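Let me begin by presenting the structure, written as structure tokens, before commenting on it.
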Amino acid sequence: MAFFRVSARSAGGSARRRRSRPIEALLFLVSVAAVTLFVTPAGAYPWMIRHEYTGCVMCHLDPSGGGVLTEYGRAQGDLLLRTQYGAKPEEASNTSRFLWGVPTPEWLLLGGSYRGMGMFQKLEGTSPAPRFVQMQADLRAALRASILRVGGAIGYDRQGADPAHLTGGAKDNLVAREYWAGLSLKDDAILLRAGRINVPFGLRHIEHTMWVRRSTRTDLDTGQQHGLAFAYNGDTVRGELMALLGNYQLHPDAYRERGAAGYLEWSPKPAISLGLSSLVTTALLDVDTRTTRLRQAHGLFARALPWKPLVLMAEGDVLLRSPVSEPTVVGMATMLQADLEAVQGLHFFLTGEAKAEGAGVKPSVGGWLSVNWFVLPHVDVRVDGILQSLGSTTTSSTAATLLTQLHVFL
């Protein structure tokens, strides 16, 4: 859900996007050449714990959630996500299939997605700035043949999303957020893969501009990295560990972060999950400070179902930044969210968040009030009202934002 675009160009000024080099284009083509370029877009919905889904591997090809759905995931989305008008069906309708009814072979996952947003934002001391944002126009596919797994995405972006660009124009670029190939073992309990992958850290949710995602750089919009990943999904324990080799769609090389990230989640009961995550990276030129810096994030997250209509989700992360020859800066980012599903498909979210960037910077706090309605098969609409107090080294300022979204997927 691309509310705002955060890029190396805007953050650092000298992290330039250029046209893909031949070797990087080859990496992309190898990953997606075996599949047609369509997507089954799927948000990462940690609130699916209300349906006793503590893991993601049954519904998503990505074992940690998000991205292309399996055929089982599409069927469950039709049965459990959208509003049912009348008696609830016992099995998914043909509309859960590609193009609202076209069958596909079991080994091929196809689809398509468009997400557009109207945004009205008022920053303290400035005039309101209404605008329309094309957030997503991606095509994706996945191949499952025996133990082989291949996934890839390509899309069009009018502006922003620099770290995911394949082409280097000021606007109107091709975007590839993820593409990877791997091997599935032990009846999909283990997945080994390599490519451009979502960084495994914390709660995987679609509100990628929340501070727990932006401050840790682990969002689903442009936060993916190239690397090698090992994922395990058991009955009560799941986790993923990834060696980060850098984002090879970001130039120059000095801005690429290398290191490791991972999480481990335990579900002692179907109604509760507890997890911890960790990330350590270093870059010769950090996109924020343009200095050599070690960056760390370590945190806890949890999901709980005290009452079936109500899901509670929380994450708290400690942020450590260590510039060369300077003291380590300690910060934090936290989030607490309540999701009330009044009737099937109609969700009301209340979210509080906070962040602190270290000594000398005033903390920031924010609140979200959101409504998300899965109104029809493959169609949902969402409205978010966001009020934030943004801290700086001298004072705090307020920002009020109203977002309206329409999401249509095949």
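The values are calculated or read from the model by the stated rules, or taken from the named source; none is laboratory data. Because the structure is predicted, anything quoted here is derived from the model rather than measured. A quick note on method: Cβ atoms are made from the backbone with ideal geometry, for glycine too, and the neighbour counts reach across all protein chains shown.
Just a few scattered comments:
- Meets criteria (in contact (Cβ under 8 Å) with a residue 60 or more places away in the chain, among the β-branched types (V, I, T), in contact with a strand residue (DSSP E or B) (Cβ under 6 Å, 6 or more places away or on another chain) and closer than 26 Å to T281 by Cα) for T334: yes
- The set of residues from the range 248-279 being closer than 30 Å to V311 by Cβ and among the polar types (S, T, N, Q) comprises S267, S273, S277, S278.
- For the range 249-292, a tally of residues being in a strand (DSSP E or B), of a type in the set (G, A, S) and in contact with a Leu (Cβ under 7 Å, 6 or more places away or on another chain) returns 5.
- Failed item in (1) buried (at least 18 other Cβ atoms within 10 Å of the Cβ); (2) within 27 Å of L245 (Cβ to Cβ); (3) among the aliphatic types (A, V, I, L, M), with V311 passing the rest: (2)
- Pairs, first within 16 Å of L340 (Cβ to Cβ) in the range 308-329, second modelled with pLDDT under 90 and assigned to a loop (DSSP other than H, G, I, E, B), C-beta under 8 Å, six or more apart: M313/H205
- Selected residue (only one of G391, G345 is farther than 19 Å from M119 by Cα, touching a Phe, Trp or Tyr at 6+ places or on another chain (Cβ under 7 Å) and surrounded by 15 or more Cβ atoms within 10 Å (Cβ to Cβ)): G345
- In the range 141-191, the residue that is surrounded by the most Cβ atoms within 10 Å (Cβ to Cβ) out of those that are out of contact with any Asp or Glu (no Cβ under 9 Å at 6 or more places or on another chain) and among the acidic types (D, E) is D162.
- If you go through the range 56-78 and keep only what is of a type in the set (D, E) and surrounded by 23 or more Cβ atoms within 10 Å (Cβ to Cβ), you end up with just D62.
- Given (1) surrounded by fewer than 18 Cβ atoms within 10 Å (Cβ to Cβ); (2) in contact with a Lys or Arg (Cβ under 8 Å, 6 or more places away or on another chain); (3) hydroxyl-bearing (S, T, Y), index of the condition S364 fails: (1)
- Filtering the range 237-275 to residues that are of a type in the set (S, T, Y) and within 18 Å of the chain's Cα centre (by Cα) leaves only Y263.
- Conditions (1) among the polar types (S, T, N, Q); (2) modelled with pLDDT of 95 or more; (3) part of a loop (DSSP other than H, G, I, E, B): number failed by T334: (3)
- Here the condition is being out of contact with any Leu (no Cβ under 7 Å at 6 or more places or on another chain) and on the phi < 0 side of the Ramachandran plot; of L350, L346, L369, L410, it holds for L346 alone.
- Flag for T104 being part of a loop (DSSP other than H, G, I, E, B) and at pLDDT 85 or above: no
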